[in-house]
Structures are given as structure tokens and as C-alpha cells.
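Engineer: This is the structure, below, for whatever I ask next.
The values are calculated or read from the model by the stated rules, or taken from the named source; none is laboratory data. Predicted model only: the values in this text are computed from it and were never measured. With ideal geometry, Cβ positions are generated from the backbone for all residues, glycine too; neighbour counts draw on all protein chains shown.
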């Protein structure tokens with residue numbers, strides 16, 4: 001089975017978002033030219049959808065599509081059309097590749113990672129009244145609510161949902177989370193103790209390059225939804241900030257940043273960096289790379305969660321693990337790392353070996369006694385709970 005990573009799914013959603021802005025930009029063009037551009041863009045969207053459904057990553061095509069709006073804004077529709085032709089040619093080239101050359105989009109790793117039994121006894125979570133796919137869970141700091149989204153795949157309208165706790169592994173579905181959902185992807189919830197809520201959405205990405213939104217959760221809905229207040233922009237071409245996890249005190253964000261390069265079947269890299277709130281805006285912490293030097297060493301690293309004291313980090317790592325590694329084959333695993341103070345670097349990350357399978361997106365309770373994550377079972381994702389040993 002081909003691995004459809006979170007980065008691949010998000011790239012597809014960003015392509016759709018670019019399409020929405022594209023339709024606005026071409027509305028003022030002459031009818032014949034507008035029709036030709038719209039037809040080609042529809043062909044590109046259809047081709048991208050087919051590639052993703054086949055397990056391929058359209059990251060390189062997305063890099064090309066991002067250049068269309070600037071070309072139209074500058075009054076160069078002929079350049080926009082040339083970019084569409086380039087994207088269509090890339091799709092055809094990708095479709096001609098033999099399946100053997102596309103066996104896995106994940107980077108290769110031979111690292112032998114240490115393991116940990118810190119969390120064990122995994123058990124599926126039951127959400128009464130909800131029967132769909134459930135992924136990217138977040139347990140609220142008071143342990144009362146479980147936030148999650150449905151399947152984050154092409155052809156599915158991904159929305160944020162929530163449930164109220166009724167037992168150790170049981171919740172009652174409350175429905176779509178009011179205030180946050182849009183016609184495009186809305187996913188990957190995180191919240192601090194004061195109710196400041198964060199999530200990923202590409203609703204304005206083509207215009208603002210912003211994927212992370214925030215608001216205030218009042219127990220029933222999220223109010224005052226807006227782009228997250230930060231001054232964090234990467235100068236690296238193709239960089240996108242996929243998701244964020246806020247510390248319980250609300251002062252620090254752990255952000256996943258992927259770099260998409262044209263021609264590569266998966267992101268070139270995905271790293272986690274740290275930002276802190278300074279005078280109302282989040283800014284990257286000086287020395288973030290040094291603090292995370294033992295985290296961003298291998299594979300694609302994303303979907304972080306931080307303990308209340310800031311000394312324990314949990315995250316997802318994805319890679320192909322080759323002969324010589326502890327578990328050869330395509331691997332999605334949940335990792336943990338610790339440090340001695342909030343300014344010290346994290347130590348070497350360890351695999352939580354009792355949490356097995358296609359697993360992603362850890363979320364730990366405020367008291368650290370339980371962890372929630374999702375696991376793919378067949379064509380569906382299921383939320384699991386593990387307890388601290």
C-alpha cells in the first residue's frame with residue numbers, strides 16, 4: 001500500500017485553494033482566454049486528484065501553480081497559461097512512471113532509533129453518535145473535550161468536530177465544531193488552558209500565505225476566528241507551515257514546516273521549530289534549530305505535542321526504514337524526547353514501541369497520564385488512547 005502522508009494530503013488541499021483564487025483572478029479576462037485558462041486549470045486539478053489517489057505526491061506541481069496568481073496580477077496571462085501547460089506536462093510525466101519507481105514517497109532512513117515503553121496499553125476510542133473516520137485528535141487541557149477532524153483525503157470535505165467525555169475511552173459526539181469550518185480543509189486542533197484555539201486551514205493561503213488560524217473556544221463554539229498573530233515567514237522557496245501545537249500556557253507554538261521542491265515525490269524535508277509570543281505576535285525563537293537539533297535529524301517530522309512543563313516533546317516521524325534499521329519498511333511512528341530545562345536542547349528521540357502501525361498526531365493530557373493519537377485501519381482512521389506506564 002502506498003503511504004499517503006499528511007504533507008501529500010495538505011498539498012492537494014492547497015492546490016484546491018489556489019484554484020479558488022485562480023477563478024477570481026481570471027474573471028476579468030477576455031472570454032476566449034478565460035475559458036482556455038479555466039479549462040486547463042480544471043485539467044490540472046483532475047490530474048492532481050488522480051495522482052494523489054494513486055498515492056503520488058503533487059508537491060512539484062503545486063510549486064508551479066503558486067506562480068500563476070502573481071503572473072495574472074502582473075498582467076501576464078500568457079505566462080499563466082505557460083505555467084498551466086508546464087503543470088499538465090508534469091502530470092503526464094508522473095503518470096508515465098513505472099509503479100516500481102513510485103513505491104514510497106518517504107525519505108530513506110537507516111538510523112537505529114532507541115525505544116521507549118513510556119506509553120502502553122493502546123485501546124480504540126469510542127465516539128457515540130459518530131461513525132466516520134476520525135483523525136488528528138486533541139484532548140482539551142481540562143480533559144473534557146476531544147477535538148478531531150474527519151478523513152483528511154482528496155474528495156472529502158475535511159472539517160473539525162468535537163465530542164464530550166463520558167469515560168476513559170468513551171466520548172459523546174457533539175457535531176461539527178461551530179465557528180471554524182469553511183468550504184476547504186479545516187483540521188489539526190490545538191488549544192491552551194485559556195481556550196485560545198489553533199487549527200490549520202488553507203482558506204486564505206493563496207492570498208496571504210497563512211495556513212494557521214486562531215480563535216477562542218467557549219465550551220460551545222470557537223469565536224473571533226482569524227489568522228494567527230505571527231511574524232514568521234520562511235525565505236526558503238516552497239516552505240509551508242502545516243500545523244501547530246500550542247503549549248498549555250499559551251506562550252509557545254511548536255510548528256511543523258515542510259519544504260516542497262519541484263520534481264520530488266514528497267517534501268524535501270519537514271521539521272519542527274519553536275515560536276514564542278512577544279508583544280502580541282509569535283516569533284521564531286532564536287536558537288530554535290539548536291534546541292531541536294536532535295529532533296529534526298531524520299525523515300519527515302511533524303505533528304508535535306508538548307508537556308505542560310515544556311520538558312517532554314511528542315511528534316510523528318515518517319520515513320522508509322531500510323535494511324539495518326530496527327524495523328525495515330515504510331514507517332509512521334510516534335516519537336518522544338526530553339530535556340532538562342525549557343531552554344535546553346531536546347535529547348535523542350525514542351520510538352514509543354507499544355504504539356504500532358500507521359500512527360500519527362499524538363496529543364497528551366495535561367497530567368501526562370494519557371496519550372491520544374490516530375491509527376489507520378484499512379481505509380479508515382481510528383482514534384486510540386494509550387496510558388502512561
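Engineer: Answer yes if at least one residue in the stretch 136-149 is in contact with a helix residue (DSSP H, G or I) (Cβ under 9 Å, 6 or more places away or on another chain) and either modelled with pLDDT of 95 or more or not assigned by TED's automatic domain parsing to the domain that holds residue 304 (or both), and no otherwise. Walk me through it before giving the result.
Structural biologist: Of all residues in the stretch 136-149, those in contact with a helix residue (DSSP H, G or I) (Cβ under 9 Å, 6 or more places away or on another chain) come to 136.
Next cut, either modelled with pLDDT of 95 or more or not assigned by TED's automatic domain parsing to the domain that holds residue 304 (or both) only: 136.
Yes, the stretch 136-149 contains a residue that is in contact with a helix residue (DSSP H, G or I) (Cβ under 9 Å, 6 or more places away or on another chain) and either modelled with pLDDT of 95 or more or not assigned by TED's automatic domain parsing to the domain that holds residue 304 (or both).
Engineer: Pick from the stretch 110-130 the residues that are in a loop (DSSP other than H, G, I, E, B) and at pLDDT 95 or above: which of them is farthest from residue 355 (Cα to Cα)?
Structural biologist: Applying the first criterion (in a loop (DSSP other than H, G, I, E, B)) to the stretch 110-130 yields 110-114, 117-118, 125, 129-130.
Checking the rest, the ones that are also at pLDDT 95 or above come to 117-118, 125, 129-130.
Working: 117: 9, 118: 10, 125: 14, 129: 26, 130: 24 Å.
Of everything passing the filter in the stretch 110-130, 129 is farthest from residue 355 (Cα to Cα).
Engineer: Taking the stretch 214-239, which residues are modelled with pLDDT of 90 or more and assigned to a loop (DSSP other than H, G, I, E, B)?
Structural biologist: Pass one, the stretch 214-239, residues modelled with pLDDT of 90 or more: 214-228.
Within the stretch 214-239, 218, 219, 220, 221, 228 qualify.
Engineer: Separate question: For residue 249, only one of the following conditions fails: (1) touching a strand residue (DSSP E or B) at 6+ places or on another chain (Cβ under 9 Å); (2) assigned to a loop (DSSP other than H, G, I, E, B). What is its number?
Structural biologist: Condition not satisfied by residue 249: (1).
Engineer: Picking from 51, 84, 33, 10, which residue would you name as being assigned to a helix (DSSP H, G or I), buried (at least 19 other Cβ atoms within 10 Å of the Cβ) and modelled with pLDDT of 80 or more?
Structural biologist: Values: 51 fails: modelled with pLDDT of 80 or more; 33 fails: buried (at least 19 other Cβ atoms within 10 Å of the Cβ); 10 fails: modelled with pLDDT of 80 or more.
Just one listed residue meets the conditions, 84.
Engineer: Working only within the stretch 295-313, note down all residues that are buried (at least 16 other Cβ atoms within 10 Å of the Cβ) and assigned to a loop (DSSP other than H, G, I, E, B). First the steps, then the outcome.
Structural biologist: So the first thing to find is which residues in the stretch 295-313 are buried (at least 16 other Cβ atoms within 10 Å of the Cβ), and the list is 295-296, 298-308, 310, 312-313.
Correct list: 295, 296, 298, 299, 307, 308, 310.
Engineer: Let me ask you something else. Kindly list the number of the only condition in (1) modelled with pLDDT under 80; (2) assigned to a loop (DSSP other than H, G, I, E, B) that fails for residue 75.
Structural biologist: (1)
Engineer: Of the conditions (1) modelled with pLDDT of 95 or more; (2) at positive phi, residue 313 clears all except one; give me its number.
Structural biologist: Only one criterion is unmet by residue 313, namely (2).
Engineer: Looking at (1) modelled with pLDDT of 95 or more; (2) within 25 Å of residue 334 (Cβ to Cβ), which one does residue 164 not meet, given that it meets all the others?
Structural biologist: Tallying (1) modelled with pLDDT of 95 or more; (2) within 25 Å of residue 334 (Cβ to Cβ), residue 164 fails exactly one: (2).
Engineer: For residues in the stretch 242-251 being closer than 15 Å to residue 281 by Cβ and surrounded by 17 or more Cβ atoms within 10 Å (Cβ to Cβ), which is modelled with the highest pLDDT? I'd like the intermediate steps shown before the answer.
Structural biologist: Step one: list which residues in the stretch 242-251 are closer than 15 Å to residue 281 by Cβ, which gives 244, 246, 250-251.
When the remaining residues are screened for being surrounded by 17 or more Cβ atoms within 10 Å (Cβ to Cβ), the result is 244, 246.
Values: 244: 95, 246: 98.
So, considering only residues that are closer than 15 Å to residue 281 by Cβ and surrounded by 17 or more Cβ atoms within 10 Å (Cβ to Cβ), the one modelled with the highest pLDDT is 246.
Engineer: Name the residue, out of 69, 92, that is out of contact with any strand residue (DSSP E or B) (no Cβ under 8 Å at 6 or more places or on another chain), in a helix (DSSP H, G or I), at pLDDT 75 or above and under 21 Å from residue 205 (Cβ atoms).
Structural biologist: 69
Engineer: Can you tell me which residue is farthest from residue 38 (Cα to Cα) among those in the stretch 69-80 that are under 30 Å from the mean Cα position of the chain (by Cα) and surrounded by 15 or more Cβ atoms within 10 Å (Cβ to Cβ)? Write out each step before concluding.
Structural biologist: Keep residues of the stretch 69-80 that are under 30 Å from the mean Cα position of the chain (by Cα), which gives 69-73, 80.
Filter once more, keeping what is surrounded by 15 or more Cβ atoms within 10 Å (Cβ to Cβ): 69, 71-72, 80.
Details: 69: 13, 71: 15, 72: 13, 80: 11 Å.
Only one residue tops the list, namely 71.
Engineer: Just need a number here: residues in the stretch 185-204 that are part of a loop (DSSP other than H, G, I, E, B), closer than 24 Å to residue 316 by Cα and touching a residue at least 24 places away in the same chain (Cβ under 8 Å). Step through it out loud before you land on a result.
Structural biologist: The initial filter retains those residues of the stretch 185-204 that are part of a loop (DSSP other than H, G, I, E, B), namely 185-186, 192-195, 201-204.
Now drop any that are not closer than 24 Å to residue 316 by Cα, which leaves 185-186, 192-193, 201-202.
Next, from what is left, pick out any that are touching a residue at least 24 places away in the same chain (Cβ under 8 Å): 185-186, 192-193, 202.
Residues meeting the conditions: 5.
Engineer: Of the residues that sit in the stretch 228-241 and are surrounded by 15 or more Cβ atoms within 10 Å (Cβ to Cβ) and without any contact (Cβ under 8 Å) to a residue 60 or more places away in the chain, which one is nearest to residue 136 (Cα to Cα)?
Structural biologist: Let us first name the residues in the stretch 228-241 that are surrounded by 15 or more Cβ atoms within 10 Å (Cβ to Cβ), namely 228, 230, 232, 238-241.
After this cut, where a residue has to be without any contact (Cβ under 8 Å) to a residue 60 or more places away in the chain as well, the list is 228, 230, 232, 239, 241.
Details: 228: 19, 230: 23, 232: 24, 239: 22, 241: 16 Å.
Filtering the stretch 228-241 for residues that are surrounded by 15 or more Cβ atoms within 10 Å (Cβ to Cβ) and without any contact (Cβ under 8 Å) to a residue 60 or more places away in the chain, the one nearest to residue 136 (Cα to Cα) comes out as 241.
Engineer: Out of (1) more than 24 Å from residue 141 (Cα to Cα); (2) surrounded by fewer than 18 Cβ atoms within 10 Å (Cβ to Cβ), the odd one out for residue 196 is which?
Structural biologist: Among (1) more than 24 Å from residue 141 (Cα to Cα); (2) surrounded by fewer than 18 Cβ atoms within 10 Å (Cβ to Cβ), the lone unmet condition for residue 196 is (1).
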